[in-house]
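These notes are about the structure you will find just below.
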Amino acid sequence: MPIRAGFRACALAGAAALAATSLACSFSYSSKSFSDSSGSSSDSSSDSSGSSKSSSESDSKEYREDVASYTRAFVTSGGTASSFMSGIGDLAHKRGITNWEADENTWIGIGRGLGRSKIDEVQLGVYQTNWSGGDANKIKLIQKGWDQVS
């Protein structure tokens, strides 16, 4: 009996490790896909207000889609608001966006990602409030992105 109990405990530990590895690989894969899609950078310039403007509409769409993909992956895997914002900042930096907090594409992309993650409207409200810092314009832009998907 002790050998069988030991085997069972070992099998359970192995199954738990496999499940954890599977989840980690899943997030790693979605992060890698996101990273691959955001690997190229675009030229950007700043206007007099300090907000960045992409050199073309195509660049803006690519950035917005990268933000949407990142948001969806983040909502699925979980994390803190500060780690989410840090990730958005890293993404913007890779794309040459110097003032991502003021870029409408950031907030519309977040809304699209939330819409694609299939959360409900109550959860949407929580994310809007937490991630926007209560800024009414950012909340409106997140809603605009959400509405484009829903």
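Values in this text are rule-based calculations from the coordinates and carry no lab data. Only a predicted model underlies this, so the values are computations on that prediction, with no experimental measurement involved. Reconstructed Cβ throughout: ideal geometry from the backbone, glycine too, with neighbour counts over all protein chains shown.
By per-residue mean of other Cβ atoms within 10 Å, what is the highest-first order of 119-132, 95-108?
95-108, 119-132
What are the equivalent ellipsoid semi-axes of the stretch 63-150, built from the alpha-carbon gyration tensor (square roots of five times its eigenvalues), in whole angstrom, biggest first?
One finds semi-axes of 17, 14, 12 Å for the stretch 63-150.
Please give, to one decimal in nm, the separation of the simple spin-label points placed at THR80 and GLN148, each 7 Å out from Cα toward the Cβ.
3.0
So for the pair ASN137, GLU104, with labels modelled 7 Å out along Cα→Cβ, what separation do we get in nm?
A separation of 1.0 nm, rounded to one decimal place.
I'd like the Karplus ³J(HN,Hα) series for the stretch 131-147: coefficients 6.51, -1.76, 1.60, θ = phi - 60°, whole numbers in Hz, and an x wherever there's a Gly or Pro.
7, 8, x, x, 5, 4, 5, 5, 4, 4, 5, 4, 4, 4, x, 4, 5
If you plug each phi of the stretch 75-89 into the Karplus form 6.51 cos²θ - 1.76 cosθ + 1.60 with θ = phi - 60°, what whole-Hz ³J(HN,Hα) values come out, in order, with x for Gly and Pro?
Karplus-based 3J(HN,Hα) across the stretch 75-89 equals 4, 5, 8, x, x, 9, 4, 5, 5, 5, 4, 4, x, 5, x Hz.
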